[in-house]
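In what follows, a structure is listed as C-alpha cells, so that the remarks can point back to it.
The values are calculated or read from the model by the stated rules, or taken from the named source; none is laboratory data. Keep in mind that this is a model prediction, so the values were computed, not measured. In this analysis, Cβ positions are derived from the backbone assuming ideal geometry, glycine residues included, and neighbour counts consider all displayed protein chains. Just the protein is used for accessible areas: all its heavy atoms, side chains included, with ligands, DNA and RNA removed. Shrake-Rupley method; radii C 1.70, N 1.55, O 1.52, S 1.80 Å.
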Amino acid sequence: MRSIGKINGEILSSGVFAAFDAQSAPLYTDASNILFADQLVQPFPNGSLVIASGQSAPILGLEAVRISGLRKLFYGTGNGLFSWDVTNGNVQHGTGYSRVADQTTLANASTWSILQWGDWVLATNGIDAPQIWKGSSFGALSGLGSEFATAKTFVKWRQYLFAVNLDVGNNRIAWCDTNDVEDWVPTASNDAGALFIRDMESEIIAARLLQDNLLLYGHNSVYGINFLQSRQVFGSQHLLTGIGAYSQHAVTSFQGKHYGFGPRGIWVSDGVSFDYIHTPAVKDTVLNNVNEDQASKIIAYHDARLDCLIFFYPTLGSTNNDAGLAFNYKTNSWNPLDLARSAATDNGVFSYPVTGSVSGSLYNQSAYELVATPTVDSSIAVPATFAMQFGYGGGAYGGVPPYGGNYNGVG
C-alpha cells in the first residue's frame, strides 16, 4: 500500500476548535479528554485519588499549605472545613456552615476562599462569619468590630489581609492592620481601613494578585488597588473595561498575566491591556453551551506540568461543572474535557495541581495512575477512554472518507 502523505510535527498538537479559516486546528474536528502537546496526541491525564473526603457533597474550595514543614490540604464543603496530610490523614476542623447550593437571581452559588497566614489558615464563604484556624479547630475571626460580618473572598498582600465583597457592600473591600488579621477597626494609630469601588458596574466578582498588585474584577471591568501611605494606606484605580469574571475562582495567573473566563469569553491581561485568546469557534462553542445561570461555579487554574490553563464550567442543563477546556499556551491548542471539577489549586506546595470533584474527592490532577472504576465524576484513569474525530484539511481531505473519521480508544 502506498502512503498518501506523512503527518507529524506541530500539526499533531494543533488541537481541536479551528478558527473559521480552518487553519488553526487543521487536523482534528472534535475530541474529548485529549492532550495535544509536544507534537504528540495522548489521553488527558485525569488524576489519581489523593483522598476520598468521606463527603458526598462538592468540594467548594481548597488550598495547599506548608505548616511546620508539613504539606497540608485545607478544603471546604457546604457545611464543613477539613484538612488532610500524610501524617494525620483527613481531619474535620469545623462544621455547621451555610451554603447557597445553586445560583439564583439574587445570589451566586457559595464557595470557600481559603488562604494561609503564617501558621494560621483563614477561610470565608460569604455567608457565615469568617473563620480562622490556629492549629486545632476553625473559629470565628475576631477583631472585625462593626466593619463587616461576612466576606466572599480573602486575598493576602504583603503584610495585609483583604476582605472583599462584604455584607456591608458587595463592592466594598476592607483590610486589616499591618501584620494583624485580628484588628480590622480603623483608628488613628493603626493602618486598618476600607473603601468602596462605587463606579464598578457590578459587585466585585473576583480578586487576585497580579505580581505585586491586587486586581478586582467585575463582570466587565478591572480595578487596581494602590498602596498610598500609612494611615491612608490604599486607594483604587479603574484599569480596564471589556473583560470580567464569571465567578470568584474564574481567574488564574501565569508569567505576570491573568487568564480569566468572563461573560465575553476567555481572556488574558497584564493589567494594562487585554486580549481574548479564544478562536471564534471556541467562543461560539463554549459561550453557547455555558449555563450562565450557574456560572458562579466556574473555576480556573494553571497546571505547570501540562503547560495548560484549565477552565471548568457547567453546561446547559447542568447545575454543576461538568465540562472543561485546557489551553496549552506552548502550542496554542484547545483541548475539550469531560470531567466534573468544582475546585482547584495551582502547582505550588505540591508538585501537581490538586482538584476537588463534585462528588467530594480530591485528585492529583496531573497524574496518569490507575484508580478503581473511573467515571467522569471522579477520574478517568489510565487505561483512559477518549474520543477523536479527524479529517486532514477540513475539506476534500477532511471529515469524510477516505482521509477522515472517528477514533475511540483506551489510553
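Overview of results
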| quantity | calculated |
| --- | --- |
| Residue-by-residue Karplus 3J(HN,Hα) for the range 118-133, coefficients 6.51, -1.76, 1.60, Hz, glycine and proline x | x, 8, 9, 10, 10, 8, 8, 10, x, 10, 8, 4, x, 10, 9, 10 |
| The range 208-288, relative contact order [Cα under 8 Å, separation at least 6], % | 22 percent |
| Packing rank of 336-344, 122-130, 312-320, where each peptide gets the mean count of other beta carbons within 10 Å, highest leading | 336-344, 122-130, 312-320 |
| Percent of alpha-carbon pairs separated by more than 20 Å within the range 67-212 | 49 percent |
| Charge sum, other residues only, whose C-beta stays under 14 Å from residue 123's C-beta, Lys/Arg counted +1 and Asp/Glu -1 | +3 |
| Three-way shape label, the range 312-366, alpha-carbon gyration tensor, a/c 1.5 | oblate |
| Alpha-carbon gyration tensor eigenvalues x 5, square-rooted, for the range 166-273, Å | 26, 15, 12 |
| Loop sites in the range 150-196: trypsin sites (Lys or Arg not before Pro), DSSP, at most 12 other Cβ within 10 Å | 158 |
| Sorted peptide list for 181-194, 87-100, criterion being average Cβ within 10 angstrom, highest first | 181-194, 87-100 |
| Nearby lysines by direct alpha-carbon distance to residue 283 (threshold 21 angstrom, same-chain neighbours under 8 apart not counted) | 257, 297, 330 |
| The range 123-170: relative contact order in percent, alpha carbon pairs under 8 Å with at least 6 residues between | 35 percent |
| For the range 218-372: relative contact order, % (alpha-carbon pairs under 8 angstrom, 6 or more apart) | 13 percent |
| Ratio of Rg to Rh over the range 173-218 (Cα coordinates, Kirkwood Rh, two decimals) | 1.04 |
| For the range 89-142, Kirkwood radius (reciprocal of mean inverse C-alpha pair distance, Å) | 12.2 Å |
| Carbon plus sulfur fraction of accessible area for the range 64-112, probe 1.4 Å, in percent | 48 percent |
| Average projection area in nm² (convex hull over Cα atoms of the range 197-350, one quarter of hull surface) | 9.9 nm² |
| Estimated D of the range 234-283 in µm² per second, where Rh is the Kirkwood radius over Cα pairs and Stokes-Einstein applies at 37 °C, 0.692 mPa s | 284 µm²/s |
| Charge tally in the Cβ shell below 9 Å around residue 221, where Lys, Arg are +1 and Asp, Glu are -1, residue 221 excluded | -2 |
